[in-house]
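The values are calculated or read from the model by the stated rules, or taken from the named source; none is laboratory data. What you see is a predicted model; the values in this text were computed from it and never measured. Cβ sites come from the backbone with ideal geometry, for glycine too, and all protein chains shown count toward neighbours. With ligands, DNA and RNA removed, areas are computed over all heavy atoms of the protein, side chains included. Shrake-Rupley method; radii C 1.70, N 1.55, O 1.52, S 1.80 Å.
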Amino acid sequence: EPVSAALEEHVQPRESFVRPSADALIRCEQIEKWYGSVHALTGVDFHCERNEIVGLIGDNGAGKSTLIKVMTGVLRPTAGAIWVRDRKLDLADYSVRMAHELSIETVYQDKSLGEQQPLWRNLFVGRQITNRWGFIDVQAEKRIAGDILTKAIGFRGVGISPDSTVRELSGGERQGIAIGRAMHFNADLIVLDEPTAALAVKEVRKVLDFVGQIKASGRACVYIEHNLAHVHAVADRLVVVDRGTIVAEIRPQELSVAELTEYLISLQRPR
């Protein structure tokens, strides 16, 4: 059966999508991505403003991850254009390294931390602080790591110190460390790839609090999530991807999680 009329009125059609502002943090226009004969992305327009959390939702295989990889320099699109802070990128040269230079960081679910390493080493991996002789300044890294733990992430009085190892942390705390690292290195845009996957309820709350801190610090976040309740709780705007195209834009306050679920199920019915 078709999606209800009451539901339809809150699912914005393409022509009424929020238009990007002149100083949008990132703006993708008419992105196409082909893998051989597979059309993974078709005419995708996407943007994220400063101080905004955009939830990217859709079924498995809808194209969410492909879009994120194009946005963050992992994949080169077949066609289209990307602007970062109104600077048009040369996509032939766009890379993960350049994305970092443009203050775009991606936090992947639990894959970016060294299990055996202390937190201070994890926070500065690839970006070590060195002294004038070129050696790693361990004391400086530990001191700043302590500031990140208490100020950026809010780990106060929970038995976690710069010398704690990653293996001692819960899943939610690991996500907090990865988010804190991105915030410390002044990422304007932090991309979260299913940060609550396989976490217990208490841990989910921690991660959602970290997401709130991203916005509170004036940064922006693109949040990919399969659990609709999680992303619904923190997103300012929800963008729905289906079969490689963006089909809807939704304000979370206008749609309950149950209605949102109903809408996504309706997309999977034969057309």
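Note on His10 and Arg97: the model spin-label points, each 7 Å out from Cα along the C-beta direction, lie 4.7 nm apart. Amide hydrogen proximity for Gly80: with H placed 1.01 Å from N in the peptide plane, the residues at 5 or more positions away or on another chain lying under 5 Å are Glu32. Taken as Cα centroids, the range 25-80 and the range 250-271 sit 21 Å apart, rounded to the nearest whole angstrom.
Potential lengthening of the chain between Ala216 and Asp90 amounts to 42.2 nm, from the contour at 0.36 nm per residue minus the alpha-carbon distance. Here the Karplus relation 6.51 cos²θ - 1.76 cosθ + 1.60, evaluated at θ = phi - 60°, turns the backbone of the range 222-234 into coupling constants of 9, 10, 8, 8, 8, 8, 5, 4, 5, 6, 4, 6, 10 Hz, with x for every Gly and Pro. For the range 142-271, the orientation-averaged shadow of the C-alpha convex hull comes to 9.3 nm² (one quarter of the hull surface).
About the centre of its Cα atoms, the chain shows a dipole size close to 840 debye [charges on the beta carbon of Lys, Arg (+1) and Asp, Glu (-1) only; nearest 20 debye]. With no solvent and one equal point scatterer placed on each C-alpha of the range 42-180, evaluate the Debye formula and give log10 I(q)/I(0) for q = 0.09, 0.14, 0.15 Å⁻¹, two decimals. Computed log10 I(q)/I(0) values: -0.37, -0.83, -0.91. Only beta bridges with both residues in the range 179-271 are counted; by DSSP, about 50 percent of them are antiparallel.
Using the Cβ-Cβ distance between Glu29 and Thr165 with R0 set to 30 Å, the FRET efficiency from 1/(1 + (r/R0)^6) comes to roughly 0.10. Remark: the range 47-53, residue by residue, has Karplus-estimated 3J(HN,Hα) of 8, 9, 8, 4, 6, 10, 10 Hz, where x stands for each Gly or Pro and the curve is 6.51 cos²θ - 1.76 cosθ + 1.60 at θ = phi - 60°. Looking at the range 61-148, the GluC sites (Glu not before Pro) that sit in a DSSP loop and have at most 16 other Cβ atoms within 10 Å of their own Cβ are Glu115. Where only DSSP H runs of four or more residues are counted, the chain gives -8500 deg cm²/dmol as its mean residue ellipticity at 222 nm, each run worth -39500 (n - 2.57). On the protein heavy atoms, probe 1.4 angstrom, tell me the percent of accessible surface of the chain carried by carbon and sulfur. Result for the chain: 50 percent of the exposed heavy-atom area is carbon or sulfur. When the alpha-carbon atoms of the range 12-122 are used, the pair Rg, Dmax equals 15.5, 51 angstrom.
For the range 40-110, the solvent-accessible area with a 1.4 angstrom probe is 42 square angstrom per residue. The lysines whose alpha-carbon is closer than 16 Å to the alpha-carbon of Lys151, local same-chain residues fewer than 8 away aside, are Lys142, Lys206, Lys215. The coefficient of translational diffusion for the chain, derived via Stokes-Einstein from the alpha carbon Kirkwood radius under 37 °C and 0.692 mPa s, stands at 167 µm²/s. Among beta bridges from DSSP that stay inside the chain, the antiparallel ones total about 55%.
Think of each Lys and Arg Cβ as +1 and each Asp and Glu Cβ as -1; about the Cα centre, that makes the dipole of the range 200-258 roughly 180 debye.
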